[in-house]
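What follows is one structure encoded as structure tokens, with my remarks underneath.
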Amino acid sequence: MQGPQTVPILTAPTAAGKSALALEAALAYGAEVISADAFTVYRGLDIGTAKPSAADLSRVPHHLIDVAEVTGAFDVARFVALAEAAIGDVLARGRTPLVVGGTGFYLQGLMQGLPLTPPSDPHVRAQVEADLEARGLDALLADIAATDPAEAARMERNPRRVVRAVEVHRRTGRFPGSFGRSEPAFRYAPLAFTRPAPDLEARMHARVTEMFARGWADEAAWLAGQVEPEARPRPTVWQALGYREALAVARGSLSVEDAAAQVTLATRQYAKRQLTFMRTQLRAPVLSAGEVHAALRDVLSR
């Protein structure tokens with residue numbers, strides 16, 4: 001895997017501390033961060049996405065932060081195009097790109113190429129999203145499994161991916177996994193790490209509590225003013241973890257304490273899916289927080 005064009009990837013579940021570790025490593029080895037997060041791409045979503053601070057952005061160059069408006073769509077194809085351009089630019093300047101993020105679908109697009117599926121059809125997608133709301137995620141997964149159990153397993157219970165798979169199948173009679181993938185532009189060396197479950201959950205709760213203290217509810221209210229949460233097709237930005245609970249706090253229908261508990265639970269469930277995806281789809285060795293420092297140092301010093 002190693003070679004002059006091999007690009008290191010650092011990934012971990014939400015709240016594990018990958019951003020802080022990446023900043024430390026980038027400063028030590030002169031690297032530039034290529035963000036692989038589905039929601040830090042949006043301008044204005046700063047608190048709820050745990051976007052790097054202005055001070056951190058000034059210390060280390062970060063790419064793919066604030067590259068999209070919340071009123072527009074942003075998908076894996078656009079991410080890969082921008083990320084590959086940024087990686088090429090960093091390499092051309094003789095520096096090291098370090099891809100950092102927890103959005104597995106984006107990382108998979110970089111490492112394995114883009115799915116060669118047809119473009120999304122907003123009308124069919126809206127119909128599938130209505131089915132998801134009416135029948136639930138398990139029912140749609142059962143529909144997929146009845147035809148292709150492997151495809152259902154590949155969804156990793158990700159609602160966004162399930163909607164896309166059902167949409168494509170309704171239009172073509174085939175699931176996305178049968179279309180193949182494009183050729184990646186670079187080779188990658190993925191490193192994943194996690195923390196013991198009690199430690200990780202404590203970090204999640206502390207971060208969520210801090211987000212609310214910093215004004216997450218106000219940020220969610222601002223977002224609702226830009227994009228209607230219940231619009232069809234479902235707006236991409238409103239799929240960001242915790243924003244609906246934060247909006248409920250802003251509207252007075254949920255207390256901060258209850259919202260923090262709900263978001264922490266959802267984050268813990270999401271982290272489990274992230275770890276499964278890292279192991280099964282990215283084929284990344286999952287190290288401990290102590291082990292990953294040495295492994296990242298080894299990759300970046302080559």
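A short reminder: the numbers here are calculations on the coordinates, not readings from a lab. Not measured: the values here are computed from a predicted model. Positions of Cβ are generated from backbone atoms using ideal geometry, with glycine treated the same way; all protein chains shown enter the neighbour counts.
Close amide H partners of Leu10, meaning residues 5 or more places away or on another chain with modelled amide H under 5 Å apart, are Val99, Val100, Gly101, Leu191. Taking the fewest neighbouring Cβ atoms within 10 Å as the starting point, the ordered list for Ser178, Ser19 is Ser178, Ser19. Dipole magnitude for the chain: about 680 debye, using +1 per Lys or Arg Cβ and -1 per Asp or Glu Cβ, origin at the Cα centre.
A simple count of charges around Pro229, restricted to other residues whose Cβ falls under 14 Å of its Cβ and scoring Lys, Arg +1 and Asp, Glu -1, yields -2.
Selection among Pro122, Gly48, Gly94 by position relative to the dipole of the range 39-178 gives Gly94 as farthest towards the positive end (Cβ unit charges, Cα centre). I need the GluC sites (Glu not before Pro) found in the range 209-302, filtered to DSSP loop residues with at most 14 other beta carbons within 10 Å of theirs. Within the range 209-302, the qualifying GluC sites (Glu not before Pro) (loop, at most 14 other Cβ atoms within 10 Å) are Glu230. When only Cα pairs below 8 angstrom with a gap of at least 6 residues are kept, the chain shows a relative contact order of 27 percent. In the range 89-165, Cα pairs under 8 Å separated by at least six residues give a relative contact order of 21 percent. Neighbours of Ala289 by Cβ distance under 9 Å: Lys/Arg scored +1, Asp/Glu scored -1, total -1. Dipole of the range 158-302 computed with +1 at Lys/Arg Cβ and -1 at Asp/Glu Cβ about the Cα centre; of Pro198, Thr267, Gly173, farthest Cα towards the positive end is Gly173.
For the pair the range 224-302 and the range 76-92, the centres of their Cα atoms are 23 angstrom apart. Considering only Ala271, Ala68, Ala15, the Gaussian network model of the chain with Cα springs below 10 Å gives its largest mean-square fluctuation to Ala68.
Considering only alpha-carbon pairs that sit under 8 angstrom and 6 or more positions apart, the relative contact order computed for the range 122-178 is 34 percent.
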